[in-house]
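Here is the structure we will look at.
Coordinate-derived values only; no laboratory data. Since this is a predicted model, take the numbers as computed values, not measurements. With ideal geometry, Cβ positions are generated from the backbone for all residues, glycine too; neighbour counts draw on all protein chains shown.
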Amino acid sequence: MNKVFIVGNLTRDPELRSTRDGISVCSFTVAVNRRVRNAEAGQPEADFFRVTAWRALGENCSKYLSKGRKVAVTGSVSVSTYTGNDGNTRASLEVTADDVEFLSPRSEGGEAPAPRPQAAAPAAPQSNGFVQVDDDELPF
């Protein structure tokens, strides 16, 4: 079974593209801090995962995520190798997202929170504190 769960922060804004067939694909990078601290710098060490989200999930990531936002990603992981500009072989961890949870509050993202839909006006309460409901309105 190939399943990975990562929790971290976006290192840059997501990039949304479309395939030739019109399928949306969003790419972003998540930095995941390790629990071990680098004694010299006093900073936590981090691993970087490239994440790809497809279709509606990718569109939502592009719309609601931005650099610095905290996310939890569930998906499958693969390793790609490439040769860097310095001639050294490097490895890249890539996650194909099955699910992305937005962990940062909306107010942290710099955008105004989305307005909540207005609920239907409640029926007028009767004198005893109960609300009159017709049997036809019940879903069961």
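Two decimals is fine: what is log10 I(q)/I(0) at q = 0.20, 0.21 Å⁻¹ for region 31-94, from a Debye sum with one equal scatterer on every Cα and no solvent?
Here the Debye-derived log intensity ratios amount to -1.02, -1.06.
State, to one decimal in nm, how far the label point of Gln132 lies from the label point of Arg12, with both points 7 Å from Cα in the Cβ direction.
Label at Gln132, label at Arg12, 6.3 nm between them.
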